[in-house]
Every structure is written in structure tokens, then in C-alpha cells.
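Enquirer: Would you mind keeping the following structure in view while I ask a few things?
The values are calculated or read from the model by the stated rules, or taken from the named source; none is laboratory data. Just so it is clear, the model here is predicted, and its values are computed rather than measured. For neighbour counting, all protein chains shown are included, and Cβ atoms are generated from backbone atoms with ideal geometry for every residue, glycine included. Ligands, DNA and RNA are stripped out before the accessible areas are found, and what is left, the full protein with its side chains, is counted by its heavy atoms. Shrake-Rupley method; radii C 1.70, N 1.55, O 1.52, S 1.80 Å.
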Amino acid sequence: EPEVTQTPSHQVTQMGQEVILRCVPISNHLYFYWYRQILGQKVEFLVSFYNNEISEKSEIFDDQFSVERPDGSNFTLKIRSTKLEDSAMYFCASSAQGARNEQFFGPGTRLTVL
Amino acid sequence: AQSVTQLGSHVSVSEGALVLLRCNYSSSVPPYLFWYVQYPNQGLQLLLKYTSAATLVKGINGFEAEFKKSETSFHLTKPSAHMSDAAEYFCAVSDSSYDKVIFGPGTSLSVIP
């Protein structure tokens, strides 16, 4: 069964460093999303992406964040200068044309900022 | 604005007992409602979804949920709990824009042998 994959599973970085979290959505999906879950808190929407541009973003998704679909398969989230409060689990999701309300989630990347 | 509340951050049931996880939503438009499950160290798996068809929705692993508009509720049930059901359960809401899913705070389910 097709699934969303994410790499790495765990990323440790120093405050102020740039990180790139990678996702491979399900191959025929057209809509892509990033969410995050701070430890012990609920899952929060960050950004949605369609047709090579951002559809919607939350107030969390400030200028430090960017997303990109550099090729036909990868979808990345970049944090330019990480802060301690960026430590969280980051989930990528994708959905298909005609079934946008069913988002398939990846296993997540745990980001730890020291 | 849409929101989701889940009553009970932690629920414990005995193996074989009824599972009832509560979810209430707030939405100004007809909602799409979801239950996701997160097993330890894993991603989010869709259990079931309501998209304005039948009000009683059946999902995977024997779970079902009933949409009650008058109560703005979408409670999750399973007649008989299994040890493998121990996980975190998230209720979520979306609207017709589909651009984001709003998650509730989650309920951690423990199953006691």
C-alpha cells in the first residue's frame, strides 16, 4: 500500500542552524501539507501546498519557514534558523485530487534543537 | 473558526469493555470530521471520516463514530477493547476548503488486561 515517507526520523541540531526535513508524498497525490506536534500538545497545521505554491499557512509558519517541491517526488520543509521552540515532531501529509479531505500522514520527523 | 474538544485526556478501559472516546466540534459550515490514531512512535493513521453521507461511520479495527449535529458531537466507539487499541486518538475537523485539518488535543487510551 502506498505511504508517505519522511526522512530523517530524528534530527538533532544546534540553535541557529538550518534544517531541511524531507518528505516523499504518495505518488499520485497533488496536495501536500506540513503539521507539527510539540511534545504533549496537539497536532498543529503549518502549511498547505498545491501546484507549486502555498495555498494556506498558519501564523506559526513565519519567515523562518519555507517549503519546496524540488522535483517530482520530494516535498521539503526548511527552517532557516532554528530556535529551541522549534523542537517538535513534524508530520508531512498528502492528499489526492477529488479526495482532498483524506490526508495521509507520514511517520514524522522528530526535531530536537539544542 | 473551527475547533475540536476531546473530553478526557486519558481513558482506561478493561480488555473486552466498551471504548467510548468523546469529541465535540465547532464549525460555522458543514464539517468534515475525522478520527486519527497514533500508535507509539508512529505517524497518524486515519480511522474513519464523516463527509455528510451516513451519520454512522464505520472505520478500521472495529471502530465506529456517530455524527450528531444537534449535539455537535462525533464520539468514537468500539464494542470490545483489545490490547492493541492502546494508542493516542485524535478527533479532527476540516471544512470544504480542505486546506487544513484542525486537530483536537488527543485522548490517550490504555487497555488493562
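Enquirer: For chain B, what value does the Rg/Rh ratio take when both radii are computed over Cα atoms and Rh is the Kirkwood radius, given to two decimals?
Expert: Values: Rg = 13.4 Å, Rh = 14.0 Å.
Using Cα coordinates only, the ratio equals 0.95.
Enquirer: Right, here's the next one. What net charge is computed for the residues neighbouring residue A:73, neighbours being all others with C-beta under 15 Å from the C-beta of residue A:73, Lys and Arg scored +1, Asp and Glu -1?
Expert: Neighbourhood net charge equals -1.
Enquirer: Considering only protein heavy atoms and a probe of 1.4 Å, how much of the accessible area of the protein assembly as shown is carbon and sulfur, as a whole percent? Working shown, then result.
Expert: Working: 5430 of 10970 Å².
Whole-percent figure for carbon plus sulfur exposure: 50.
Enquirer: Oh, and also: Using modelled amide H (1.01 Å from N, peptide plane; none on Pro or chain starts), what sits under 5 Å from the amide H of residue B:100, excluding residues fewer than 5 places away?
Expert: B:95
Enquirer: Further, regarding this structure: What is the local net charge at residue A:56, summed over the other residues whose Cβ is closer than 11 Å to its Cβ (Lys, Arg +1; Asp, Glu -1)? Don't jump to the answer; show the numbers that get you there.
Expert: Details: positive: A:57, B:100; negative: A:53, B:99.
Surrounding charge for residue A:56 is 0.
Enquirer: Do you know which residues of segment A:19-56 lose at least 40 square angstrom of accessible area in the protein assembly compared with their chain on its own, with a 1.4 angstrom probe?
Expert: Residues losing area: A:42, A:43, A:45, A:56.
Enquirer: Are there any residues in segment B:67-106 with a reduction of at least 20 Å² in accessible surface when going from the isolated chain to the assembly of protein chains? Probe 1.4 Å, please list them by number.
Expert: So the qualifying set is B:90, B:98, B:99, B:100, B:101, B:103, B:105.
Enquirer: Once you have the alpha carbon radius of gyration of chain A, what is it after dividing by 2.2 N^0.38 Å, with N set to its residue count?
Expert: Values: Rg = 13.2 Å, N = 114, 2.2 N^0.38 = 13.3 Å.
That ratio works out to 0.99.
Enquirer: Summing +1 for each Lys or Arg and -1 for each Asp or Glu, what net charge is found among the other residues whose Cβ lies under 14 Å from the Cβ of residue B:9?
Expert: Details: positive: A:42, B:22; negative: B:88.
So the surrounding residues net to +1.
Enquirer: Quick one: Debye curve from the alpha-carbon atoms of the protein assembly as shown only, equal weights, vacuum; give me log10 I(q)/I(0) at q = 0.10, 0.16, 0.17 Å⁻¹ to two decimals.
Expert: Relative scattering, expressed as log10 I(q)/I(0), comes to -0.45, -1.12, -1.23.
Enquirer: Now for a separate question. I'd like the residues of segment B:19-51 whose 1.4 Å-probe accessible area shrinks by no less than 20 Å² going from the isolated chain to the full set of protein chains.
Expert: The answer is B:34, B:36, B:38, B:43, B:44, B:46, B:49 - residues whose exposure falls by at least 20 Å² when every protein chain is included.
Enquirer: For the pairs A:42/B:78; A:57/B:78; B:69/B:100; A:57/B:68; A:57/A:83, note any where the Cα-Cα span goes beyond 25 Å.
Expert: Values: A:42/B:78 23 Å; A:57/B:78 35 Å; B:69/B:100 21 Å; A:57/B:68 30 Å; A:57/A:83 19 Å.
Among A:42/B:78; A:57/B:78; B:69/B:100; A:57/B:68; A:57/A:83, the Cα-Cα distance tops 25 Å for A:57/B:78; A:57/B:68.
Enquirer: Another question, then. Considering only B:59, B:16, B:43, give the residue with the highest GNM mean-square fluctuation for chain B, with springs between Cα atoms whenever their separation is below 10 Å.
Expert: In the Gaussian network model the winner is B:43.
Enquirer: Hey, can you find the accessible area per residue of the protein assembly as shown for me, probe 1.4 Å, expressed in square angstrom? Write out the running numbers ahead of the final one.
Expert: On the way: 10970 Å² over 227 residues.
On a per-residue basis, 48 Å².
Enquirer: Moving on. Total Å² of accessible surface buried at the A-B contact, 1.4 Å probe, nearest 100?
Expert: Working: alone 6580 and 6090 Å², together 10970 Å².
Answer for the A-B pair: about 1700 Å² buried.
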